[in-house]
Amino acid sequence: MKGIIDSSIWIALKSKDGELRVKSQNIIKEFLNNKIKEIYITDYVLLETINFLLRKTNFEASSEVYKGILENTNIIYIDELMIHEILEIFKKYKDLSITDCSLILLSNKKEIKEIYSFDSGFDKVKGIIRKEAI
């Protein structure tokens, strides 16, 4: 099984909210235990996650998550053509972020329907299954 992991899951690994932290840790454990075979993100998720953690936590926490992402995920880098496709998705889902729209595009391109996220905005996207837990 393949999965896409949104910024909210990575950020929650360092959250003060115990429930979200445990949920996010369980998702990552499922990958490490091979229940999720491959994790995909876009470079936008990497940027959003690390920048948020730098502002809200500290360098050490940010660096730890950064290293974990680099070692355990397939990062898809957004190119010029994809930027235009993301714009079309952004116009359709006006309350989703550009990062969220990049994950919808990734879902379509890689034919991965499951996005692990605490962001309920994904619930309105046809063909996407948002999961908060395994």
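All of the numbers you see were taken from the coordinates with simple rules; none came from a lab. Treat the numbers as computed from the prediction; the structure is a model and nothing was measured. Virtual Cβ from ideal backbone geometry, glycine too; neighbours counted across all protein chains shown.
Using the Cβ-Cβ distance between L32 and M82 with R0 set to 35 Å, the FRET efficiency from 1/(1 + (r/R0)^6) comes to roughly 0.75. Over the chain, DSSP H runs of length four or greater, each weighted -39,500 (n - 2.57), average out per residue to a 222 nm ellipticity of -17500 deg cm²/dmol. Both radii come from the Cα set of segment 2-131: Rg as radius of gyration, Rh as Kirkwood radius; their ratio Rg/Rh reads 0.94. Local charge sum around S97 (other residues, Cβ-Cβ under 13 Å, Lys/Arg +1, Asp/Glu -1)? Net of charged neighbours comes to -4.
Centroid-to-centroid, using Cα positions, segment 56-78 and segment 17-34 are 15 Å apart. Among the listed pairs K16/K37; K29/K91; K35/K92; K56/K109, a Cα-Cα separation exceeding 30 Å is found for K29/K91; K35/K92; K56/K109. Dipole check for segment 2-131: with +1 at the C-beta of Lys and Arg, -1 at the C-beta of Asp and Glu, and the Cα centre as origin, the magnitude is about 420 Debye.
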